[in-house]
1. Return the FRET efficiency for the residue pair Asp322, Val27: r is the Cβ-Cβ distance, R0 is 51 Å, and the value is rounded to the nearest 0.05.
2. Calculate, in nm to one decimal, what Asp128 and Ala166 gain on full extension: separation in residues at 0.36 nm each, minus their alpha carbon distance.
3. Once label points are set 7 Å from the Cα along Cα→Cβ at both Ser503 and Asp546, what is their separation, rounded to one decimal in nm?
4. Would you calculate the separation in nanometres between label points at Leu343 and Val19, each defined as 7 Å from the Cα along the Cα-to-beta-carbon direction?
5. Quick one: if the Förster radius is 30 Å, what FRET efficiency do Glu259 and Arg572 give, using the C-beta to C-beta distance and rounding to 0.05?
6. Over segment 271-319, how many percent of alpha carbon pairs lie in each 10 Å bin up to the one with the longest distance?
7. List, in the order given, every pair from Lys247/Lys320; Lys320/Lys513; Lys126/Lys513 whose Cα-Cα distance in the structure shown is over 22 Å.
8. Once every Cα of segment 266-354 carries one equal point scatterer and solvent is ignored, give the base-10 log of I(q)/I(0) from the Debye formula at q = 0.14, 0.22, 0.23 Å⁻¹, two decimals.
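None of the figures in this text is laboratory data; all of them are computed from the coordinates on show. Because the structure is predicted, anything quoted here is derived from the model rather than measured. Please note: Cβ atoms are built from the backbone with ideal geometry, for glycine as well, and neighbour counts cover all protein chains shown.
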Amino acid sequence: MTEKKNRMKTWKKLCLFSVSIICLLGVSIVLFYKVTNYTGRKAWERYVQECEKQNRTAVSDTERRYLWLKDIQLPPVNESQNFANYPLFQTVSRLENENDNNIGNEELKPWKEVLEPNGVVGYAGKADFHRSRRADYKKFITTERDPEPFPEENVSPYKQRKKSLARMAERSKELKEYLDTHTQEEIAQLMLKRLEPGLSAYQDIQNALEKYTQCYYPFQYKKETWFVLWPLHLDIFEKIAAFGYKKAYANLALGRSDEAVKDILFIMKLADTLSGNPHMRYMVVKRDIYEEVLCVIWEGIESNVWTKNDLKQIQEHLAKTDLYMDILSGTIGERAILNEHFLKEPRFLLFEDPDLSFKEDLLNEIRVNQWGIKDVLDSYYVANRIKNCIPLGWNYRALLEYNKAIDRLLSFFNLEDKCLNMDILPETTNELLNPCQELLSPFPRKINKVPQAVTKYFLGLGISGNRLYGIQRGCEIQSFINMAQISCALERFYLENEKYPDSLDELGELLPKEKLPRDWLDGKPPRMRLTDTGYILWCSGWNFKDDGGTRDTRLIQHLSEPQGDWVWEISR
């Protein structure tokens, strides 16, 4: 009996001990969450207070910290003059809100031949100012639109894709053989014929842009959609611009510079409408559109097609283009949008980010893994449960690190002197990105007081190398815009004097010395050298050295290993 009582006492002690441990563990967990959430929130609040204090004493815009949308002065929207009210964009806006963002939607049929011309017009041989070679219009690939491949049963997506690529390669070979029997003018006419069904809708879009004096897309001022970046809107801008490129290239081949310059000016104005949207992605699309425009401008100069009036119009528009400010404002706006969204739902950092949402990632994974959908869903279910256990304080600390990284990124810009802060950027090639190494990882390698293993859940929030690459590409394309502007002035000088000037100072009223565009890397105007067949303009690249107009010819150019200058060459 005594032995039985002893066993009962031992069992009660074990139960009591277990309950005590569980209670202690529960109290510890609750205390851990309370302390972690409190300290994380306080760290963020201290940062906000420091920024507000700095803003009160700031003597210039460069010193200000733009944390919230109220700090950004967005231009007012006049609905009666807003290009966004053109029916195409109104339809797109509604489809986006209905989550029916498909460019093949029946409601977009009136503009279908602009967005998807009847016949795929590829321009593998288009002008390329990066490599300084003439366009070879016989390389243009013009085909009827291939039907959508019907999914084959019991055939993996990989094998279907492989078959599709094989068919495309065979078709391209046949087309090249066919096009080799045609002259450049015949192929240009063929291109215009393919584009003809969309010309009416394209002209209607051009007229709309001329009619409205303000050009702001609805997503700019609709608060509920400010943060969400839908791809259809930007995709449509790029497709309209692509229609214009093809038309301009064909008209250049036929010597119709008056028609080509209309398309070039329209495309640049179309890209400029993106400047009103406070998100870096809009700036990136604008940059890419301008890069294609530069190819067309370069081709027209290289082939000696532009008239003096054409060159003057292009030069005047390029003089107003400032991608540096666009990228700067895009970075500021993106940060402000994210901070505003965080106030509404702090845990959204675990599921959505400016570049890729968690849900989109899931859908993409399902598409490429058709045979393991259940496994994918299970893994994401577990990941979601883990994310829900992450303390809210770590979300605050993640946002804090993001804002600090953005501060460092913005410190590169010197608005007063219109250049990058060279004392911040390193001078040697190998150390180019050392001052901001934490910006190169998907997220800063260390988040203060957050376990390293947890940072992967904030992956999409990261200030990755793409941010720095965006700045680098923006500076590069702006340098080429500056050189294209100077090139237009040089060509106008040549048409008036039948020779090029010995230096840029001799351009006179065509481009006064005080108005010569200056590069943000070194604050100097581009250098120029006459050649036997034309001239070379160049700016120093990311190695911050004047290499005398030697370009980087590598297929893949690494930001961490920059070489050569940014070169604009005209040779006839």
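1. That pair, Asp322 with Val27, gives E of 0.30.
2. 11.0 nm
3. 1.1 nm
4. 4.8 nm
5. Approximately 0.85, to the nearest 0.05.
6. 24, 43, 25, 8
7. In this structure, Lys247/Lys320; Lys126/Lys513 lie more than 22 Å apart at Cα.
8. -0.60, -1.04, -1.09
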